[in-house]
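Trainee: Here it is, the structure, as structure tokens.
No value in this document is a laboratory result; all are computed from the given coordinates. Please read these numbers as outputs of a predicted model, since none were measured by experiment. Don't worry about glycine lacking a Cβ; one is built from the backbone with ideal geometry, like all the others, and counts go over all protein chains shown.
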Amino acid sequence: MASQKTRKRMRGIFAIEGEWFTDLRDGVSFKPLLDIIKVLHNSPYVHRDAATRQELFYYLQKWTQKRYSSYPILYLGFHGKAEKIQVGDGRGKDCHVTLDDLMEQLQGLCSGRIIYIGSCNTMQIDERRLQRFLQQTGALAICGYKIQIDMLRSAAFELLLFNALLDQTLNLNGVKAMKNRILREERALARELGFRMVVRKKPK
């Protein structure tokens, strides 16, 4: 029987990545970051590309299936704006997906899971709406950035962030401990990047 420590190490990440540049020859991806996390934590991952709303929603639906319950951390890597992420090249009528759109897709399907949005500005939103997102989806927490971020520095921060996310128990107390650890140990970088993590409140 696997030990508790082993089970924690096998917690996985389900990553969906958008297009970073309109020139498809540029080939930038955060997949090497996932490879590093896999080596350091023995943590598996799923990585898929999504260039349209339909592709994003398709993979979100896959993530919520029981077969991917051992991948409780969702990593969305896209360009972003306040309250939304950008899919594709940002020029089509359906090029933006709001947090309300994500909430609708994930309604009641995120129990015991965490959502990380690796995009600029998306977490620039009223906390009451983020709490509504968490209550409606059942997610333990949502985190990301409130401002424009530097990709290299955010990549360094993400290694530290996922180190914390993969170590703690996935319940409300464990997620609060994750948040406190990140904001205590990586305070300067978290502040520079405008990092924000909101944990679901217990119903009164």
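Trainee: Which loop-located trypsin sites (Lys or Arg not before Pro) does region 93-128 contain, where loop means any DSSP state but H, G, I, E or B and the Cβ has at most 14 other Cβ atoms within 10 Å?
Mentor: Lys93
Trainee: Just report the Cα centroid separation between region 48-109 and region 160-188, whole Å.
Mentor: 23
Trainee: Could I ask something else about it? Taking amide H positions as placed 1.01 Å from N in the peptide plane, with prolines and chain starts having none, which residues 5 or more places from Gly18, or on another chain, fall under 5 Å of its amide H?
Mentor: Ala50, Gly77, Phe78
Trainee: If you take the beta carbon distance between Ile36 and Lys202 as r and set R0 to 25 Å, what does 1/(1 + (r/R0)^6) give as a FRET efficiency, to the nearest 0.05? Present the calculation step by step, with values, prior to reporting the outcome.
Mentor: On the way: r = 35 Å, r/R0 = 1.39.
My answer for the efficiency is 0.10.
Trainee: Pop the C-beta distance of Ile147 and Lys66 into the FRET formula with R0 = 45 Å and round what comes out to the nearest 0.05.
Mentor: 0.75
Trainee: Suppose R0 equals 30 Å; then what is the FRET efficiency for Arg187 and His47 from their Cβ-Cβ distance, rounded to the nearest 0.05?
Mentor: For Arg187 and His47, the calculated efficiency is 0.50.
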